[in-house]
Amino acid sequence: MPHYEVRELPVTGGTLRVGCWGRRGPVVVASHGLTATHVCWQALADQLGDDVRLIAPDHRGRGGSNGITGPFGMPAHAADLVAILDAFALPRADLLIGHSMGAFVAVVAAAQYPDRFARVLLIDGGLPGIDKLPTGVTTEQLVAAVVGPSLARLDMRFASVEAYRDFWRQHPAFAGAWSRYIEQYVDYDLVGTAPELRSGVSKHAILRDVETQLQGDLVPTALVSLTQPVRFLKAPRGIFNADPLYTDDVLNHWAWRTPRFSWATVDDVNHYTISLSERGAHALAAEIAAML
């Protein structure tokens, strides 16, 4: 097991919690998904060991950073990543990785602060679709259509830790894939006391983030402006363990428009288990080693 510690950093609007693994070597900054926390990277940290410094925040409105009052959105998260580098006295990260929404954060951060992030690894996220989003729906309806139970749980209360684990065990992405990594990830999300346990994720933060993630031209403009090497890893199965989030056509569309962009598929994982399983983490670690 690699060395692990947690730090609390003052940022605009409150305090940012940051998980840090490893003791030496290249610096990898990791940005998690929409309703996730830094704990989603534990499997990867175990694969990387002590010879890589893996640094990952709980983004604003999640986990130990859920007391931050704002602002929210991709630029705010990007600025937090730079604040982390500054707090650790690091001139730049050797690699910036992001999963799902965190990949959108990574695109914006790398575009806005190109001198602080040498390379970018996008994990099943960060690329806008090439089809127009539905119109006439609220941001909440849009998020619910995309992530389903992940949003619904933010309004739910649970009688016990085991009840919350049972809620997640029923998710199609975790069918036959439950592990200590998933259990640790699920448990960390809980706040409050029984029988009124709830997710620590702020619904307000989620909705504000999605507005800058999926709406407007912030991300597409940032993506095509990137000068760093960009690698994309696709999960062949999506959020519900079925159709992938990204088709090959979408990936080839952005590969043609984004300088120094390449992509590959990670075998036999879905949108969650690409980071929350030993198989997925092993593949991610191999890609990271090739990029560093």
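Tabulated data for the structure shown
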{"item": "Residues being open to solvent by less than 20 Å² (accessible area, probe 1.4 Å) and part of a loop (DSSP other than H, G, I, E, B) - total across region 247-276", "result": "5"}
{"item": "Filtered residues of region 222-246 (kept if touching a residue at least 60 places away in the same chain (Cβ under 8 Å) and outside any loop (DSSP other than H, G, I, E, B))", "result": "A222, L223, S225, V230, R231, F232, L233, K234"}
{"item": "Options A111, A83, A89: the member that is more than 16 Å from the chain's Cα centre (by Cα), surrounded by fewer than 20 Cβ atoms within 10 Å (Cβ to Cβ) and not in a loop (DSSP other than H, G, I, E, B)", "result": "A83"}
{"item": "Residue within region 36-47 that is under 18 Å from Y272 (Cα atoms), open to solvent by 10 Å² or more (accessible area, probe 1.4 Å) and of a type in the set (S, T, Y) present", "result": "no"}
{"item": "Positions within region 250-292 being among the small types (G, A, S) and in contact (Cβ under 8 Å) with a residue 60 or more places away in the chain, in sequence order", "result": "S275, S277, G280, A281, A285"}
{"item": "Test: residue in region 162-170 that is open to solvent by less than 40 Å² (accessible area, probe 1.4 Å), farther than 20 Å from W41 by Cα and among the acidic types (D, E)", "result": "no"}
{"item": "Lone unmet requirement of (1) closer than 18 Å to E287 by Cβ; (2) surrounded by 24 or more Cβ atoms within 10 Å (Cβ to Cβ); (3) among the acidic types (D, E) for D51", "result": "(2)"}
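The values are calculated or read from the model by the stated rules, or taken from the named source; none is laboratory data. The structure displayed is predicted, hence computed values, not measured ones. Cβ atoms come from the backbone with ideal geometry, glycine included; neighbour counts cover every protein chain shown. With ligands, DNA and RNA removed, areas are computed over all heavy atoms of the protein, side chains included. Shrake-Rupley method; radii C 1.70, N 1.55, O 1.52, S 1.80 Å.
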